[in-house]
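No value in this document is a laboratory result; all are computed from the given coordinates. Fair warning: this is a prediction, and the values are worked out from it, not measured in the lab. Cβ atoms come from the backbone with ideal geometry, glycine included; neighbour counts cover every protein chain shown.
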Amino acid sequence: MDTSFYKCCAVPMCKSTSIRTPKKLFIHVPKNAQIRRKWLKLAKRHPASLTPKSTSYFCEDHFDLQNDMENYVQYTTMGVVGRIRMRPGCLPTKFACQPMRAKTFTDDCRPAAAKRQRLVLINECEEEIKAATFQQSENLNIEVPNQDEDSKFSELSDEFEISISYACKIFTENVSKIAEVMRPFIVNLDKASIKRCLPIAYRKNYYNVTCIIDCLEIEIQTPGKALHQALTWSEYKKTNTIKYLISSTPNGLVNYISQGYGGRISDVCLVENCGFLNSLPIGAHVMADRGFKHIETLLLGIQCKLIRPPSIVSGNKLSKEEVKETKKIASLRIHIERVIRRVREFSFLKPHACINKYLIGRLDDVIAIACGLINLQNSLINK
Ligand SMILES: [Zn+2]
């Protein structure tokens with residue numbers, strides 16, 4: 001019996017837990033909504049008291065194992081099974097732990113009673129987890145994320161039969177190693193190579209453009225400290241974010257990704273600080289939108305040029321040529337937008353994915369992996 005992962009029986013009144021009764025089998029409550037409801041109803045547990053996707057167990061006391069368990073023979077002969085397989089459609093039938101079943105439990109269990117019971121359970125779990133993790137916490141510092149990521153880690157823990165904290169540990173330990181492998185795919189190409197693959201739309205007036213830049217903001221959970229809250233607050237997104245500078249070649253290959261900065265930083269400050277300017281070859285033309293107009297002097301300082309839409313001076317209308325140029329640059333800048341859209345396709349980075357505060361430290365690596373991977377995808381531009 002694997003006791004590294006705390007399990008407790010979800011049947012009201014049942015006292016089985018993987019610590020108190022380590023010899024008992026704990027059977028997964030199915031995630032299929034209909035079957036789950038049926039099981040909970042039989043156990044006289046209000047369906048609302050259990051979140052639909054949570055990992056829950058009923059202990060073996062509530063089943064006729066001999067008939068309900070597919071690998072029962074293996075279990076009895078070997079004394080252990082890797083994964084408990086129940087017969088499809090089997091239902092919990094035994095509830096000896098609920099002596100006054102008909103009387104005390106009504107179908108819709110009173111919310112206050114359910115709450116009290118949950119609290120008792122939570123306290124008990126917390127104490128036992130504390131006791132269990134105390135021995136191994138000397139050299140490990142595992143923090144289990146909650147919310148959205150939690151459901152993914154719990155899926156992993158189900159899939160590989162490991163604890164959620166262990167799944168989380170494997171993730172955080174390995175993401176940096178994967179990032180190390182993926183970073184070389186973010187290539188800083190020389191001017192000649194970029195020119196050779198220049199999309200047709202650039203060839204007439206914008207043949208010197210070597211990169212298009214934009215900022216990418218990833219929403220994060222509100223940090224605990226007020227200072228961190230202030231530093232990551234993004235006026236633009238109206239939430240706490242981590243901001244990256246991303247640069248792609250005209251044909252949509254990511255050739256630079258900065259490290260993450262608090263969402264409060266301005267675009268100009270970010271460009272100035274992140275080291276992007278050092279990666280530019282002399283004479284490079286950088287395309288950006290109006291928000292970056294203040295980097296013009298920075299670029300001039302290193303003999304590069306900023307290509308941006310003409311700025312609108314209040315009161316003055318743009319001339320016909322300027323409107324044309326604005327439209328033209330917008331249509332060419334679309335490539336970086338499409339690159340960002342590809343980055344956002346990873347569910348970890350999707351537009352409203354809120355990065356758990358314990359995973360923020362890994363975000364740089366995650367972004368690097370995403371950028372490396374999209375560079376391996378098919379070309380953005382149809383030739
Ligand atoms: Zn039980």
Chymotrypsin sites (Phe, Trp or Tyr not before Pro) within the range 244-303, DSSP loop, no more than 15 other Cβ atoms inside 10 Å: none
Interchain or long-range residues, amide H under 5 Å from Cys59's placed H: Ala10, Val11, Ile27
Considering only the range 185-375, percent of DSSP beta bridges that pair antiparallel, nearest 5: 70 percent
Span per principal axis, largest first, for the Cα atoms of the range 264-383 (Å): 48, 33, 31
Volume per residue that the Cα convex hull of the range 185-375 spans, once the total is divided by residue count, Å³: 125 Å³
Chymotrypsin sites (Phe, Trp or Tyr not before Pro) within the range 168-212, DSSP loop, no more than 15 other Cβ atoms inside 10 Å: Tyr207
Length gained when the stretch Ala112-Thr222 is fully extended (0.36 nm per residue, less Cα-Cα span): 36.5 nm
Of Lys238/Lys327; Lys243/Lys357; Lys237/Lys357; Lys94/Lys152; Lys204/Lys305, pairs whose Cα-Cα distance is over 20 Å: Lys238/Lys327; Lys94/Lys152
Inter-site label distance for Arg203 and Glu321 at 7 Å from Cα along Cβ, in nm: 2.5 nm
Residue of Lys317, Lys23, Lys94 that the Gaussian network model of the chain assigns the largest fluctuation, springs spanning Cα pairs under 10 Å: Lys317
Fraction of antiparallel bridges per DSSP, the chain only, in percent to nearest 5: 70 percent
Using a Förster distance of 35 Å, the FRET efficiency for Glu235-Ser314 (Cβ separation, nearest 0.05): 0.95
Karplus-derived 3J(HN,Hα), 6.51/-1.76/1.60, for each residue of the range 51-58, Hz, glycine and proline x: 5, x, 9, 5, 8, 10, 10, 10
Computed FRET value (nearest 0.05) for Leu91 with Ser176, which takes r as the C-beta separation and R₀ as 45 Å: 0.45
3J(HN,Hα) from dihedral phi, the range 282-297, Karplus parametrisation 6.51/-1.76/1.60, rounded to Hz, x for glycine, proline: 4, x, 6, 9, 10, 9, 8, 8, 4, x, 9, 4, 6, 7, 3, 5
Selected from Leu198, Ser165, Tyr72, residue furthest toward positive end of dipole (the chain; charges at beta carbon): Leu198
For the chain, alpha-carbon Rg and Dmax in angstrom: 28.4, 87
Relative exposure of Met13, Met78, Met287, judged by other C-beta atoms within 10 Å (fewest first): Met78, Met13, Met287
